[in-house]
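Participant: Here it is, the structure in full.
What follows draws every value from the coordinates through simple rules; no lab data is involved. Keep in mind that what you see is a predicted model, and the values were worked out from it rather than measured. FYI the Cβ positions are ideal-geometry reconstructions off the backbone, even for glycines, and counts take in every protein chain you see.
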Amino acid sequence: MLSVWLICVGKLKEQFYKDACAEYSKRLSPYCKLTVVEIPEAKLPKDPTLGEITNALAKEGEAIRGKIPPGSRVAALCIEGRMLSSEELAHMIPAQSGQDKHLVFVIGGSCGLHPSIKAEARERLSMSPMTFPHHLARVMLLEQIYRAFKINEGSSYHK
């Protein structure tokens with residue numbers, strides 16, 4: 001069974017996000033072993049300088065790097081990444097069950113991801129040119145992973 005990891009900067013606070021993530025985690029259980037890791041978001045002042053943001057992203061990046069299991073294929077979610085259709089994501093997922101032990105998606109915090117994490121990732125993916133709260137991005141990603149498995153099994157879930 002494929003091992004899918006979500007490494008996310010920031011903790012879900014709102015109950016509706018927690019409920020949505022729990023629902024998709026439950027739906028994914030027959031298809032993959034899902035692991036969600038939350039990395040604390042670095043504390044920043046109200047109006048941080050570029051240097052403070054860079055240092056915070058570096059700190060978060062080291063924490064992310066420390067959680068990526070060996071033998072992983074890493075996909076970083078970032079605005080400059082490439083956009084995939086649901087079908088393209090579905091084609092990406094089954095290819096991971098053989099060569100790579102884990103498929104890891106990384107979602108940054110409100111300031112994004114450190115450039116080194118993006119550079120080290122095999123894939124850089126974008127959900128949209130629009131800006132979404134990073135907590136909502138987690139829900140959207142879980143839904144798309146679930147949709148990908150349903151596409152691959154030929155289910156009518158994806159219309």
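Participant: Given the conditions (1) touching a helix residue (DSSP H, G or I) at 6+ places or on another chain (Cβ under 8 Å); (2) touching a residue at least 24 places away in the same chain (Cβ under 8 Å), and given that Ile53 satisfies all but one, which numbered condition is not satisfied?
Facilitator: So Ile53 meets the others, but not (1).
Participant: Looking at Ile7, Ile64, which one is within 17 Å of Pro115 (Cα to Cα), within 14 Å of the chain's Cα centre (by Cα) and assigned to a helix (DSSP H, G or I)?
Facilitator: Working: Ile7 fails: assigned to a helix (DSSP H, G or I).
Sole residue among the options that is within 17 Å of Pro115 (Cα to Cα), within 14 Å of the chain's Cα centre (by Cα) and assigned to a helix (DSSP H, G or I): Ile64.
Participant: Has region 135-144 got at least one residue that is in contact with a Pro (Cβ under 9 Å, 6 or more places away or on another chain), closer than 14 Å to Val36 by Cα and β-branched (Val, Ile, Thr)?
Facilitator: Let us first name the residues in region 135-144 that are in contact with a Pro (Cβ under 9 Å, 6 or more places away or on another chain), namely none.
Within region 135-144 (the criterion being in contact with a Pro (Cβ under 9 Å, 6 or more places away or on another chain), closer than 14 Å to Val36 by Cα and β-branched (Val, Ile, Thr)), the answer is no, since none of the residues qualifies.
Participant: Identify the residue in region 19-61 that is assigned to a helix (DSSP H, G or I), of a type in the set (Asp, Glu) and surrounded by fewer than 18 Cβ atoms within 10 Å (Cβ to Cβ) and, among all such residues, is farthest from the chain's Cα centre (by Cα). Walk me through how you get there before you give the answer.
Facilitator: Of all residues in region 19-61, those assigned to a helix (DSSP H, G or I) come to 19-28, 50-61.
Next, from what is left, pick out any that are of a type in the set (Asp, Glu): 19, 23, 52, 60.
From what is left, the residues that are surrounded by fewer than 18 Cβ atoms within 10 Å (Cβ to Cβ) are 19, 23, 52.
Numbers: Asp19: 17, Glu23: 17, Glu52: 24 Å.
Taking the candidates together, the pick is Glu52.
Participant: Same structure again: Select from region 121-135 the residues that are assigned to a helix (DSSP H, G or I) and more than 20 Å from Arg82 (Cβ to Cβ) and list them in ascending order. Talk me through it step by step, then tell me what you get.
Facilitator: Step one: of region 121-135, the residues assigned to a helix (DSSP H, G or I) are 134-135.
Answer for region 121-135, where residues must be assigned to a helix (DSSP H, G or I) and more than 20 Å from Arg82 (Cβ to Cβ): just His135.
Participant: If you don't mind, another one. Which of (1) surrounded by 15 or more Cβ atoms within 10 Å (Cβ to Cβ); (2) assigned to a strand (DSSP E or B); (3) without any contact (Cβ under 8 Å) to a residue 60 or more places away in the chain is the odd one out, the single condition Glu80 does not satisfy?
Facilitator: (1)
Participant: Within the set of pairs 6+ apart or on separate chains, which have a first residue in region 21-38 that is closer than 21 Å to Val74 by Cα, a second that is acidic (Asp, Glu) and in a helix (DSSP H, G or I), and C-beta atoms under 9 Å apart?
Facilitator: Filtered contacts from region 21-38: Tyr24/Glu143; Tyr31/Glu153.
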